[in-house]
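Take a look at the structure set out below.
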2 protein chains.
Amino acid sequence: MQQPAAGTPIRIVLDAMGGDYAPRETVKGAVEALGQHDVEITLVGDQAAVEAELARNDPEGLPIKVVPSTGKIGDDEHPIHALRQKRDASIVVATKLLKSGQADALVTVGSTGAAMASAVMVLGLMEGLDRPCIGGPFLGLAPRTVLVDIGSNVDCRPSLLVSFGALGAVFAKYFLGIENPRVGLLSVGAEEAKGNRQVQESFPLFQQSHLNFVGNVEGMDFFTDRADVIVCDGFVGNILIKFTEGLGSALAPYLHKQLSQLLPPQDVIKIISELWQTTNLPRTMGGPLFGVNGAVILGHGSSKADGICGAIGTAVQYVRLGLMDSMRAELESVHRQRELKV
Amino acid sequence: MQQPAAGTPIRIVLDAMGGDYAPRETVKGAVEALGQHDVEITLVGDQAAVEAELARNDPEGLPIKVVPSTGKIGDDEHPIHALRQKRDASIVVATKLLKSGQADALVTVGSTGAAMASAVMVLGLMEGLDRPCIGGPFLGLAPRTVLVDIGSNVDCRPSLLVSFGALGAVFAKYFLGIENPRVGLLSVGAEEAKGNRQVQESFPLFQQSHLNFVGNVEGMDFFTDRADVIVCDGFVGNILIKFTEGLGSALAPYLHKQLSQLLPPQDVIKIISELWQTTNLPRTMGGPLFGVNGAVILGHGSSKADGICGAIGTAVQYVRLGLMDSMRAELESVHRQRELKV
């Protein structure tokens, strides 16, 4: 991918139909992003609906346009089947615009499964990888700890976990500015012998890799600064991220009850909404899909305009930093090293 | 096991050497428990050390005695190897006292692995089970949701998960008073097809069982009241419980900073310590080891006197409710049903 020259706006294609509040909030978030970032935006979606929303947001003179699509793929559909049947769905049309070079990055808060499948089919995977993954900081209380995979890749082979670690390390290095990121393998004990079969088989592969591997880490180590990148299977990652969201949502009414007798309402609301954000980081900034040949940023399905705007900001940073090239190079060196050992 | 008659004190044997603050806090907690529960306590440990601690707690006339042991097994030792070498370690002597009928329940906050191994070797497993497990509520925000297994049983066969579900259901029914507890299987989506291979293979076994199976549940469902018992592999359970502890510990300084400008120090401390408890339920009450032929209550290694006292309270309740007999009966019906189907 050619990196856009500094000073050139980043061209974002947004799946305007994706997410629980589309197209109202997606369009609103796009217009907000135009005020905050140096971007040009293409909205992909049902033309009449998207243009009607756009008209509400005073788009006169803004670098934003609409490309029509037909239908959308929901969370409840099987991604691969749906992609075959709905060839003009918003996520497909949007991914093709990215593939054709008419955009620098794709942003969607629609079905994660559909976005991943569409990216794999249209853009293809980076050399040596057999599945893409999702990673990033997921906790405001540990904003510099990257968890990968949170993209529901279950039953991962050990070598795939090493690739996930490599992609997470690139993200930590360039996106978070962490020199030589420490990579840990999530397990039930720090010792090498601790863990399930997957972890035990992965441990030596991580040791042999060129990653800065710090060994097994445990559930509390998201908060102990033992690792910058924590690698797990997407089964565990998905459970952790949803658990954290649920906990944040449960803490809010709990603290409201505790605090509302002691503090004025506006203070209570401020504290609780800040706390909620700390347990819902991905909702406010989105996260890149790692391992596909294109910059794809995924956001939470329940994102509103600020979440869309945040995800567009993440996309801008991702493209400007040239993260895709770094990830490709990193994967190549992982695989070269593996082949040398075989 | 003969259930002690109502009005008869419950005889507790306490591993006085187990945990980070033994024997000072274990002995102190035991004496506290004597004031709160109708119990007789046998302290097992280094005689001189335990008696010295006992003397500090004014034990005159209390139903508490010391049985000597030699050495202890630490968290860093391999449980099985250590048990073979340290045949007179406190946990072994304590388990044998339970086995011989000289106590109704064993309480320990020492190495979980050593306690599990000692229980399996000395007491034996219930019919049809090949590993014991640990379960219980683990979150103050969801005090009636039982998670099982949190005992680090990794790579569990599907049929073992069904047994864990059955044991968790008995606990929910008798200990928490939940009639016909709803059992959910922890996964990455609610649909039957979602999950890793283990979950997908377990799903039909749960459906065929006599459990009140409500299907797959997700990470947020600890807070949504979709299930009373949530079943997972001990790999996931261990990560979740340690993650929650870590989160609670990280929230404390975060909230301290947020609140200390707004509230007097004593209010801040009260709110934070209550919150900490909601993320550290097992530290204050311990939890039973399910599936062994004896009432064994495990507590957190960092328990202080109040945690020991809480775990003793849990032991009393466990014995009085006759939970072991109910669990044995429940496992039998799981296995009878399975054999009928084969």
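The values are calculated or read from the model by the stated rules, or taken from the named source; none is laboratory data. All figures in this text were calculated on a predicted structure; none of them were measured in a lab. Counting neighbours? That spans all protein chains shown, and the Cβs are built from the backbone with ideal geometry, glycine included.
Before moving on, here are some points about what is shown:
- Residue in region A:232-250 that is more than 7 Å from every other protein chain (Cβ to nearest Cβ) and free of Cβ contacts under 8 Å to residues at least 12 places away in the same chain present: no
- Taking region B:216-268 as the range and being more than 29 Å from the chain's Cα centre (by Cα) and surrounded by 24 or more Cβ atoms within 10 Å (Cβ to Cβ) as the test, no residue passes.
- Residue in region A:173-183 that is in a strand (DSSP E or B) and under 21 Å from B:Lys242 (Cβ atoms) present: yes
- Per the listing B:Leu106, B:Leu54, the residue uniquely in contact with a strand residue (DSSP E or B) (Cβ under 9 Å, 6 or more places away or on another chain) and surrounded by fewer than 24 Cβ atoms within 10 Å (Cβ to Cβ) is B:Leu54.
- Which numbered condition A:Val319 fails, given (1) closer than 25 Å to B:Ser187 by Cα; (2) more than 11 Å from every other protein chain (Cβ to nearest Cβ): (1)
- Qualifying positions in region B:142-159 - under 18 Å from the mean Cα position of the chain (by Cα), crowded, with 19+ Cβ neighbours inside 10 Å and either more than 23 Å from A:Gln200 (Cα to Cα) or not acidic (Asp, Glu) (or both): B:Ala142, B:Thr145, B:Val146, B:Leu147, B:Val148, B:Ile150, B:Gly151, B:Ser152, B:Asn153, B:Val154
- So B:Gly29, is it at positive phi and assigned by TED's automatic domain parsing to the domain that holds B:Gly301: no
Here is a yes/no grid of residues against (1) more than 23 Å from A:Leu14 (Cα to Cα); (2) within 14 Å of chain B (Cβ to nearest Cβ):
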position: A:Gly110; (1), (2): no, no
position: A:Ser118; (1), (2): no, no
position: A:Leu125; (1), (2): no, no
position: A:Ile134; (1), (2): no, yes
position: A:Arg144; (1), (2): yes, yes
position: A:Ile150; (1), (2): no, yes
position: A:Val154; (1), (2): yes, yes
position: A:Ser159; (1), (2): yes, no
position: A:Val162; (1), (2): yes, no
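- Verdict on A:Asp46 being more than 18 Å from A:Gly101 (Cα to Cα), surrounded by fewer than 18 Cβ atoms within 10 Å (Cβ to Cβ) and out of contact with any Gly (no Cβ under 6 Å at 6 or more places or on another chain): no
- Restricting attention to region B:184-199, the residues that are surrounded by 21 or more Cβ atoms within 10 Å (Cβ to Cβ), of a type in the set (A, V, I, L, M, F, W, C) and in a loop (DSSP other than H, G, I, E, B) total 1.
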